[in-house]
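Read-outs throughout are calculated quantities, based only on the coordinates presented, and are distinct from any laboratory measurement. A quick note: this is a predicted structure, and the numbers were derived from the prediction, not measured. Every residue, glycine as well, gets a Cβ built from its backbone with ideal geometry; the counts of neighbours run over all protein chains shown.
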Protein chains: 2
Amino acid sequence: MGMNPLSSPLLSDFYQFTMLQSYLEQDMQETAVFELFIRKLPPGRNFMVAAGLEQALDYLENLKFSSAELDWLATRFHPSLIDYFEQFRFSGDVHAMPEGTLFFPNEPILRITAPLPQAQLIESRIINLLHFETLIASKAARSVLIAPDKLLVDFGMRRAHGAEAALLAARASYLAGFTGTATVLAGAFYDIPLFGTMAHSYIQAHADETTAFAHFAHSNPDNVVLLIDTYDTEAAARKVVTLAPKLTADQINIKGVRLDSGDLTAHAYNVRQILDQGGLQSTTIFASGNLDEYRLQTLLSAKAPIDGFGIGTALDISSDAPAFDCAYKLQEYAGKPRRKRSEGKATWPGRKQVYRYYTSQGEMSHDIVALAENDPYEGQPLLERVMLAGNRTHPKIPLHDIRQQTLAGYTHLPKVMTALETAFAYPVTISTALQDLAKQLDAEMMTHL
Amino acid sequence: MGMNPLSSPLLSDFYQFTMLQSYLEQDMQETAVFELFIRKLPPGRNFMVAAGLEQALDYLENLKFSSAELDWLATRFHPSLIDYFEQFRFSGDVHAMPEGTLFFPNEPILRITAPLPQAQLIESRIINLLHFETLIASKAARSVLIAPDKLLVDFGMRRAHGAEAALLAARASYLAGFTGTATVLAGAFYDIPLFGTMAHSYIQAHADETTAFAHFAHSNPDNVVLLIDTYDTEAAARKVVTLAPKLTADQINIKGVRLDSGDLTAHAYNVRQILDQGGLQSTTIFASGNLDEYRLQTLLSAKAPIDGFGIGTALDISSDAPAFDCAYKLQEYAGKPRRKRSEGKATWPGRKQVYRYYTSQGEMSHDIVALAENDPYEGQPLLERVMLAGNRTHPKIPLHDIRQQTLAGYTHLPKVMTALETAFAYPVTISTALQDLAKQLDAEMMTHL
């Protein structure tokens, strides 16, 4: 149809188009400033990890209407709107926190400065991208912080919500410190290390388990990780021990075994003993099967001898918090700050910057949300300009480098915030100038009502 | 890169490729039968609604490797595997429950019969598609059954997990009985009715609310639904009443108002009264803002005068159950039934059919899962052949028709199963022949261990 599902400007809410029709008729094309922020943390969380900026900038740089899209719109909207779309390119500025930045409620992670119709049209997809990758990076960070020395692999593709979710979950979890993913296309697109072994069907398709193991090892000599829970885990571990010398004769090394069901702690202890007694001390144990950061914590507390984990569904759907409360709100139009005052949903007006402060030991101590201009603070400013007049101002950062920066960022977290339970509300204060601006706008509004 | 994220055969798990390498080396290309089923219902659920078959068949019909994909694979796998992929087309058969069919644990909703490497390679994406659309259709059905006479609109794009999730959530919820969606591209792709009004930013960008309303009405005279909660809901409703006669003079009718925050019941009562007293009895009230089927039930119990609902995040992420436990398992290979016996994950072997029985009043009474061959029952067989040797056997069913069939299907549910709480476990029995087959395979297995 000439519409790319991943980049089409029609991947948006219908109201963007009805609003744009009105904005153009009224010639309301002055500069608007929108900011994306979260209202509150999901229950049990101590921080969020910003992610998705790369995909958002790609979207903005390449946004245009195909002839198929214009034809479709022409049957539903005014010719003047279609004319506008024909020439449409995003020409605004973008300020953002770099991917991997830790952030908190009320802190803008992205600011769009553009003519009102442009800034409005992009809302739905910008939220869609940043919300999802931030969701997954924030979820993944929990496993990384709980199990910093373990191999962690994204196994979630099959229950991720569609194709893009699978790909971006692989990216976001790697960005947050995972070791790799099982999703091949994510490896191809983002150069993320790939991991994978075999399914139960592979074992079942063979007449017996040992033959299945031997075939796999000969076909994949550099990646011999054998799934041993299809019938009887300990029995299979003994078959692995028996098979090992024959493979060694062919210079094939059994890298690891995988457990996928039952009491993982008990099986891991038993299997470790069987492998060790069989001379396979360097064969690792990898576990999977309905894992999440809580089960990791339990397994680690029990000192289960497991070297790596495949985390699937719980990661890719962010099981404890499959969405979070974020908003993309108009903060300024035509040079005038704006404030939404809906019940329970009031926003801080104006263009903002976030400043971060650290203790002398390098621990994060607090943040200040201030006005972006004429309200300077000495802390570390978290938002930087990443796009000017529709063009990126910096080269793309390699994903591996973002991952390293994210891991470095974790080292500044107060220790108590690395736990799986809520530690304390990290202090985020609103600058006096920003509070004064909000009061002033409220007062003006009262005179209007 | 010459890889389409939505249709690439690389959108799969790495282990499919390592397994295929072994299958080809061992020439294990005999016919395999895999079935997709759920192990248990999510908590609080009474049934699931099958969806996603259309996308799965599209995927299978068009599956092939691009030269970029072959090049990428060639650096990682044996030349024999690359040769195989060059010629790769899916040539298998597919049996499935039609989209919209209500189903239960242990019932296959899809059966793939194909050479083992083919049936294996497609696993990850087939689950990815059917799991997600079934997830959303099953979630949407709950709102449809609770509020059968209300306008229900999918508002979830921004917090759906990526682009494809947004599109398929719109499709699956419409299939399950929703009235429409706000996602424009879903309207363009699937011909789903589109709904949308304005954002708070639209109101904020104007100097005052009445001007914003008037501008919108003149630009969108056929779709005047005004958002009235930006500042003060009741005050805005009075502005709507004041504005109405001026719009009537221009032959513009105010179709509705939208509430998006605060106590929706109280606001709806107040606004209904203000509108009625102002002569706007036919102006409808539409509500949105963190709604799900439970809040709908509360609003309906309170008899809140609301005519339609926009359901966003809770629908598109299936908030109470963002994933369900489904599996795609090898049930037969080379003419021999297979059974996985992993702890807590054992499967029923062989090719299966599901028969449904109804009471004389047309109510669903029970299902029987039987062997597909030589195990006939008189009930309604739920699986039908939809693909033969890689080609669809039926024309595509228009989405509107599937939706009608789904709605018709709900009328056969026992009344108690239409509630939001678990009613009772719908009886699904396993045929004697199937139980005997499982026992026989277990006995054979014991002799192998």
Item to check | Burial order of peptide ranges B:119-131, A:411-423 (average beta-carbon count within 10 Å, highest first) | outcome: B:119-131, A:411-423
Checklist entry - Using a label point 7 angstrom from Cα along Cα-to-C-beta, what distances in nm, from shortest up, separate A:Glu384 from the other copies? => result 6.0
Checklist outcome for this item: Expected max-MSF residue from A:Arg258, A:Arg295, A:Arg111 in the GNM of chain A (alpha carbon, under 10 Å) is A:Arg295
Checklist outcome for this item: region B:101-120 and region B:375-414 have their Cα centres apart by a whole-number Å value of 15 Å
Checklist outcome for this item: The size of the Cβ-based charge dipole (Lys, Arg +1; Asp, Glu -1) of region A:147-316 about the Cα centre, to the nearest 20 debye, is 100 debye
Next on the checklist: For peptide B:227-237, what's the mean number of Cβ atoms from other chains within 10 Å of each residue's Cβ?
Outcome noted: 3
Checklist outcome for this item: What helix-only [θ] at 222 nm does chain A give? Using -39500 (n - 2.57) per DSSP H run of at least 4, over all residues, to the nearest 500, the answer is -12000 deg cm²/dmol
Item to check | 5 angstrom amide H check on B:Ser365, placed H, neighbours 5+ away | outcome: B:Tyr357, B:Tyr358, B:Thr359
Next on the checklist: Given axes a ≥ b ≥ c from the Cα gyration tensor, I'd like to know whether region B:370-449 is rounded (a/c under 1.5), prolate (a/b larger than b/c) or oblate.
Outcome noted: oblate
Item to check | Rounded tilt (10° steps) of A:432-448 against the dominant C-alpha axis of chain A | outcome: 50 degrees
Checklist entry - In nm, one decimal, shortest first: how far is the label point of B:Pro79 (7 Å from Cα along Cα to beta carbon) from the matching points in the other copies? => result 6.3
Checklist outcome for this item: Reduced to Cα centres, the span from region B:217-236 to region A:208-284 in Å works out to 66 Å
Checklist entry - Based only on Cα atoms, what Rg/Rh ratio does the protein assembly as shown have, Rh being taken as Kirkwood's radius? => result 0.98
Item to check | Alpha-carbon Debye profile of region A:147-316, log10 I(q)/I(0) at 0.09, 0.11, 0.16, 0.20 Å⁻¹ | outcome: -0.30, -0.45, -0.94, -1.34
Checklist entry - For A:Lys336, which aspartates and glutamates qualify as cross-link partners when the Cα separation must be under 15 Å and same-chain residues fewer than eight apart are set aside? => result A:Glu30, A:Glu35, A:Glu373, A:Asp436, A:Asp442, A:Glu444, B:Asp208
Checklist entry - Using a label position 7 Å from Cα in the Cα→Cβ direction, what is the ascending list of nm distances from B:Asp442 to the same site in the other copies? => result 6.8
Item to check | FRET efficiency, 1/(1 + (r/R0)^6) with R0 25 Å, evaluated for B:Gln404 and B:Glu373 via beta carbons | outcome: 0.15
Checklist entry - Which of A:Ala141, A:Leu299, A:Thr18 sits closest to the plus end of the dipole of chain A, meaning its Cα is farthest towards the positive end, when Lys and Arg get +1 and Asp and Glu get -1 on the C-beta? => result A:Leu299
Checklist entry - Which residue fluctuates the most in chain A, going by a Gaussian network model with Cα springs under 10 Å, if the choices are A:Ile192, A:Ile112, A:Ile82? => result A:Ile82
Item to check | Dipole magnitude of the protein assembly as shown, debye to nearest 20 (Cβ charges: Lys/Arg +1, Asp/Glu -1, about Cα centre) | outcome: 920 debye
Checklist entry - Is the shape of region B:196-287 best called rounded, prolate or oblate, per the rule: a/c under 1.5 gives rounded, else a/b larger than b/c gives prolate, else oblate, with a ≥ b ≥ c the square roots of the Cα gyration tensor eigenvalues? => result oblate
Checklist outcome for this item: Neighbours of A:Ala166 by Cβ distance under 14 Å: Lys/Arg at +1, Asp/Glu at -1, summed charge -3
Item to check | Relative frequency of Cα-Cα separations exceeding 40 Å in chain B, percent | outcome: 31 percent
Checklist entry - Net charge near A:Phe213, counting Lys/Arg +1 and Asp/Glu -1 over other residues with Cβ under 12 Å of its Cβ? => result +2
Checklist entry - Any idea how far apart A:Arg76 and B:Ile430 come out in nm if each label point goes 7 Å out from Cα toward Cβ? => result 4.9 nm
Checklist entry - Under the definition of partner shielding as Cβ atoms of other protein chains within 10 Å of a residue Cβ, what is the mean value for peptide B:189-198? => result 3
Next on the checklist: Past 21 Å, Cα to Cα: identify those pairs from A:Lys64/B:Lys255; A:Lys239/B:Lys352; B:Lys139/B:Lys396; A:Lys139/B:Lys329; A:Lys150/A:Lys415, in the order given.
Outcome noted: A:Lys64/B:Lys255; A:Lys239/B:Lys352; B:Lys139/B:Lys396; A:Lys139/B:Lys329
Checklist entry - Treating the beta-carbon of each Lys and Arg as +1 and of each Asp and Glu as -1, no other charges, what is the dipole magnitude of chain B about its Cα centre, to the nearest 20 debye? => result 500 debye
Checklist entry - What's the center-to-center distance, using Cα atoms, between region A:48-84 and region A:15-32 in Å? => result 15 Å
Item to check | Within straight-line cross-link reach of B:Lys303, aspartates and glutamates at Cα separation under 14 Å, skipping those fewer than 8 residues along the same chain | outcome: B:Asp149, B:Asp263
Item to check | Low-density loop cleavage sites - GluC sites (Glu not before Pro) in region B:1-66, where at most 15 other Cβ are within 10 Å (DSSP) | outcome: B:Glu30
Item to check | Of the GluC sites (Glu not before Pro) in region B:282-381, those whose Cβ has at most 15 other Cβ within 10 Å and which sit in DSSP loop | outcome: B:Glu343, B:Glu363, B:Glu373, B:Glu378
